Each structure stands twice: as C-alpha cells, then as structure tokens.
Amino acid sequence: MGQIAWKALCLSLFDYKTEKYVIAKNKKVGILYRTVQLSIMAYIVGWVFVVKKGYQDTDTSLQSSVITKVKGVAFTNTSELGERLWDVADYVIPPQGESVFFVMTNLIVTPNQRQSTCPESPGIPDALCYHDSDCPEGKAVIAGNGVKTGRCLKTGGNRSGTCEIFAWCPVEKKGRPRKLLLANAENFTIYIKNSIRFPRFKFSKTNVLDTDDNSYLKNCRYGPEHLYCPIFSLGSLVRWAGSDFQEMASEGGVIGIQIEWDCNLDKDASKCNPHYHFSRLDNRFAAKSISSGYNFRFAKYYRDSSDVDFRTLIKAYGIRFDVMVNGKAGKFNIIPTIINIGSGLALMGAGAFFCDLVLLYLLRKSNFYRGKKYEEVSIHGGVVVAAWKQSPPGYEGPSVVPSVKIGVHS
C-alpha cells in the first residue's frame, strides 16, 4: 500500500492544473465579492496613492544645517558681582550658534577662589569626620571638591567636623539660588536659520521667508500670524513646550525644537515649508524626580600682581535647546507607480480567493460547487476522459457521471 501511495505521489508531480471559470448565481456571494473588491480599490486609491503618495519616489536622506543667534540684554545688581550688564557673550554657550546651545538664566557665583587648604563642605557625606584618621592624606573626597590633607577640622566644640582639603578655596556654596537672576531672559529672542537639501532631487530650501522686505526679520515673531518667521521669543518657546518660564529658568531644563520638512516636489517649491514642534526633554514631569532641571559649572581664570592664579566659579542654571531636523521629499516616478499598481491588481485576486472559500466550505451546497469547480481529465490510449464528482442531493441532473469521452487523438 505504501508503494502505491508513493507511486501516486510521484505521478501527481507531473499533473498540470488549468483554471476553470464557474459562474455562481448566488447574490450573497456576489455582493460579498463586490464589497471586497471595492474595499481593496478604496485602500489602493485612498491610502496608497492619495495618503502615502505611492506614485512618488521619496528621499529621506535630508542634509541639514542649523545656525542660531540669541539677542537680548539684562541688568543685575548682586553682592557677589555688583552692578553688571549681561549680553549674549555672557549668557549664551557656546557662542558659535550651533544646533545645541544653552541660555543661562540663573547662577551661583563663588568669587576669588585660590588653590589652598580649607574645610570641605559639610553637605558632603564623605567629608564628615571625628578624628584625623577619618581624613587620610591624599585621598580624594567622593563627590567633593578636593583631596584630604589628614586633618579633621571642628568648630564650636562639636564632636564631629569636616575634613580639611586642598582645593580651590573657598568651596562652592550648596543650595539653589532663591531668586531668579536673569528674569528679563523671557524677552530674549532666538533666531534659528535652517538650511536643508534633498540630494536625490537636488532641491534646497531654508526656513526663512523669501521676501524683498529688509525689515521683515527685524519686526516678525513666530506665531499664528507669522508661521514662517524664524525668530522666536524665549518665553513663548517655554510656554509652547508646556512649562512655566519662571520655574524653568530658576532650575534649568531642556527644550527640544523639532523642525519637520514634508515636501511634495510635484507642487511649487513655495509649498515646501517647515513645521515646528516644541517639547520639554528633561524629566521635569516625572513624579518626585530628583534629577530634573539642568545646570553645569564653568570658571573664569585670572592672575594677580603676585603671579598667583585665582578664578570665579559659576554654577549656571538655564535652558538648553536641542534643534532637531528631519523630513522627506517626494516626486513622481513611473517605477513606484507601476509597482504599486501591479501590487494592487494582485491584491484584487484576494477577493476571488475569499469568495471561493465561502462557496467551497461555508455554504450548505458546497459539495455541488466543488463538483462544478474541479474535474479531472486523463488520457488513456489517446482518448481524453473527463470525470466529475457525484452531485449533491437535490440536484436535478444525472446523479453520477463517472466519465465522459470528450475527445479522441490519433
């Protein structure tokens, strides 16, 4: 029996199957078939060609350059610095105007630091001591400001004290500033110039409005009335990112400015314009976050008349801006058009396949439809013989037609 089965399997490899079309007079299946066809047609036309523009060749390898400039001045009067005027050279870091830049809005100043010995800050756990042995000489203070000298300094008869260190003294004061120093920073303006190029189509554009009015950039501000003005108010950027300026300027933070280009090059170049999105990137909105805000330290160094170096240490709080650019461009091309049309036509065959499943397996008279759709034709001694399956009960015709001769070949 096994040999017979294997022989039948091997012989079936040489069978040829050809299509046979059967018209099924069934309104329910016919409605289903047209519904599936219309759905596929709506998908191809509406989604593939209208929404996704499947007739276009696309370029996502965007080449971009960002130049930024900040303008604005602020006046302060503090005990550490006295009266001072702040301009862009003081509060913008780095000054070159890159795609990532920082605007200082608050700071802690530690003036006249010199390299000498002094007590470490008591707020650092590794600096607490009871005896000189707790301060081994030459060991750096973990998360501190210098190296230990071997002495434990106590004041006021306290049992505990802090280790003496060799560092830039006096050490920086701990704690955040209570008052916002550069409160006027809300009115500063940021000019963001973005130049982009799609190399596949050799298309270039900038986000600056193409106009002959020389005073346009001096007077415009980005907003609902000037969507293509590249000048932004610092306070408006913070509000659009969903934050309060006074809070963010005091503790610092990070704002992302996303410039998105979606260009249809089948239309005029003036229709290719940028779209801006603003969001806060640091984890300020996380519950009970201890790492929110943004700050860093830098120093300005000097040398006195005795050839001794000293410095002014600044812990800067402020807003860091990350300008991110992405986009794509599309233009008509016959190759993707033909590919998508061919894919759509192939997908149309899914309707016939689905309706065949309904006819052959889901209807009560599925055996009848199966007998009409499939038949076997064999050749014996030059005689072509066609065999049909038995018809289902209720069918008005021959109950069994085992074989019929339909042709003779010499």
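Below is a table of values for the structure above.
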read-out	value
The chain - mean residue ellipticity at 222 nm from DSSP helices (-39,500 (n - 2.57) per run, n ≥ 4, rounded to 500)	-6000 deg cm²/dmol
Under-5 Å amide H pairs with ILE257, H placed in peptide plane, nonlocal only	ASP322, VAL323, MET324
Candidate lysines for bridging to LYS205, where Cα separation is under 28 Å - those fewer than 8 sequence places away on the same chain excluded	LYS52, LYS53, LYS69, LYS71, LYS193, LYS218, LYS267, LYS271, LYS328, LYS331
Amide H contacts under 5 Å for ASN283, placed H, 5+ residues apart	GLY293
Highest-MSF residue in the chain out of SER79, SER243, SER233 [GNM, Cα springs under 10 Å]	SER79
Leading residue at positive end of dipole, the chain (Cβ point charges), from ILE334, THR105, GLY223	ILE334
Whole-Hz ³J(HN,Hα) from phi, Karplus 6.51 cos²θ - 1.76 cosθ + 1.60, for segment 98-105, glycine and proline x	9, 6, 10, 9, 10, 10, 6, 10
Solvent-accessible area per residue for the chain (1.4 angstrom probe, square angstrom)	64 Å²
Proximal charge balance of PHE101 [Cβ under 11 Å; K/R count +1, D/E count -1]	0
At R0 = 56 Å, FRET efficiency that the Cβ-Cβ distance of LEU128 and LEU209 yields, to 0.05	0.35
Nitroxide proxy distance, nm - points 7 Å out along Cα→Cβ at ASP87 and ILE4	10.5 nm
Vicinal HN-Hα couplings computed from phi for segment 140-146 (Karplus, 6.51 cos²θ - 1.76 cosθ + 1.60; Hz; Gly/Pro x)	6, 6, 5, 6, x, 10, x
Calculated log₁₀ intensity ratio I(q)/I(0) where the Debye formula runs over C-alpha points of the chain, q = 0.08 Å⁻¹	-0.73
Inter-part distance where segment 16-73 and segment 110-168 are each reduced to a Cα centre, Å	70 Å
Neighbour cut-off at most 14 other Cβ (10 Å), DSSP loop, trypsin sites (Lys or Arg not before Pro), segment 60-139	LYS139
Percentage relative contact order, the chain, counting C-alpha pairs under 8 Å, at least six apart	18 percent
Helix axis angle, 27-42 relative to the chain longest principal axis, alpha carbon, degrees	40 degrees
With every protein chain in place, the chain: carbon and sulfur % of accessible area (1.4 Å)	56 percent
Value of relative contact order over segment 127-209, rounded to a whole percent, pairs C-alpha under 8 Å and six or more apart	20 percent
Proximal lysines relative to LYS27, as straight alpha-carbon distance under 30 Å, when same-chain residues fewer than 8 apart are discounted	LYS17, LYS365, LYS372, LYS373, LYS389
Full-extension gain in nm, ARG364 to ILE339, via 0.36 nm per residue minus C-alpha separation	5.0 nm
Two-site FRET efficiency, TYR216 against VAL22, from Cβ-Cβ distance with R₀ of 60 Å, rounded to 0.05	0.25
Calculated FRET value between TYR301 and LYS139, using beta carbons and R₀ = 30 Å, to 0.05	0.65
Cβ-defined net charge surrounding VAL92, 10 Å radius [Lys, Arg +1; Asp, Glu -1]	0
Within a Gaussian network of the chain (alpha carbon springs, distance under 10 Å), most fluctuating of LEU107, LEU363, LEU181	LEU363
Under 15 Å, Cβ to Cβ, from CYS129 - net charge with Lys/Arg +1 and Asp/Glu -1	-1
Most mobile listed residue (PHE310, PHE354, PHE232) in the chain, GNM with C-alpha springs under 10 Å	PHE354
Karplus 3J(HN,Hα) series, Hz, for segment 67-74 with 6.51 cos²θ - 1.76 cosθ + 1.60 (x for Gly, Pro)	10, 10, 9, 10, 10, x, 10, 9
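The values are calculated or read from the model by the stated rules, or taken from the named source; none is laboratory data. This one's a predicted model, so the numbers in the text were calculated from it and none came from an experiment. Positions of Cβ are generated from backbone atoms using ideal geometry, with glycine treated the same way; all protein chains shown enter the neighbour counts. Areas reflect the complete protein model, heavy atoms only, side chains present, ligands, DNA and RNA absent. Shrake-Rupley method; radii C 1.70, N 1.55, O 1.52, S 1.80 Å.
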